[in-house]
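For reference, the structure is listed below as structure tokens.
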């Protein structure tokens, strides 16, 4: 029996595109330079930092909060102060303190603490410190923290909303669904609960109950989005027509006409031989190469005219000579006062005009429009959930969390 598909730990698979779209709507403010962004004074006086520490964090970081004595400094805010452990080559000065935890906000009534959140990102942030310059590592850390916060908040809100929408009958069906997942998972990992527990812990770092809960969250989120978002994603035929009008010129390709030429002085002793060989049908390109002309005598490339070769912007006698012969054959010699010339159309690519009735183009445009409108509706829906379930301003939560991450992992 095949193993069950692994879920994304603490994330909902169906929300991947949604989270990316929402995160892209709100840019991360550039952090100040490392020379000024985080100073010892900034930990106790937020007014001295270009990237100010939130007042609650600054209060906890002040000596009066008990940090100087190595105490918690909680003050009822859920924030604490502790000395940052010395890293490789880092010297910790006496009396210096760092913010290691703070209450960032509440999501659906549940508190979100900086310490617990940043612990899950610590390995990646520390790796950024070693692999990137200080400036780039700070910016990458800010971007990482912001994206993960977006993902975490969106997942929590959608799952909470989905659970609230369940009727008593649906809850009974959900329990049956979860039992089926549990049995399938155990069967896929050897048929024993202990075997499944050991395998899941080794592969994904979670227990069987956590695994089943993740699958439940995926199913709930998928169903909620299907009910709330999909009915609002409507693409009319007029929308497809307008989209096509914007890309028609890019989707269409211009035709080309490649012309080669052999040109010799009229007194050149090779003229009789060239005249005879071209007249007997010798390959134009081979003869041009023998005469030392590069690329088979390639001369010019023209856009394919709407009226064909007759519309080429050439002298009348050259245009007549070209249009009177098949592609790949040499024209009759054209003599000038001091030279003799032969022409050959070596390649013709006719233009390809895009059509809205092309099924590939039409389906592609419709798919892009649907994806764009789905992202827009998802953004609106998530913002409405934030307004309902988050007791703090999201941007303020993000700024506080980024500020604490910089203080914690990039000490001066």
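Quick notes
- Each residue in 383, 365 was given a count of other beta-carbon atoms within 10 angstrom of its own, and listing them fewest first yields 383, 365.
- Estimated distance in nm for a label pair at residue 204 and residue 139, the labels positioned 7 Å out from Cα along Cα-to-Cβ: 3.7 nm
- Rounded, prolate or oblate (a/c below 1.5 giving rounded, otherwise prolate when a/b exceeds b/c) for the stretch 329-412 by Cα gyration tensor: oblate
- A simple spin-label model places pseudo-atoms 7 Å from Cα toward Cβ; at residue 180 and residue 320 they are separated by 8.2 nm.
- You can think of it this way: the chain between residue 366 and residue 253 has 38.5 nm of extra reach, that is 0.36 nm per residue less the Cα-Cα gap.
- Rounded if a/c under 1.5, otherwise prolate or oblate - the stretch 103-149, Cα gyration tensor axes: prolate
- Extension gain, residue 116 to residue 396: 0.36 nm times the residue separation minus the Cα-Cα distance gives 99.0 nm.
- Sorting 302-314, 140-152, 156-168 by their mean Cβ neighbour count within 10 Å, with the most densely packed peptide first, gives 140-152, 156-168, 302-314.
- Considering all different alpha carbon pairs of the stretch 253-349, the Kirkwood hydrodynamic radius works out to 13.7 Å.
Here, each number is a calculation from the coordinates, and none is a lab measurement. Note that the coordinates shown come from a computational prediction; the quantities given were computed from them, not determined experimentally. Glycine also receives a Cβ, built like all others from the backbone with ideal geometry; neighbour counts cover every protein chain displayed.
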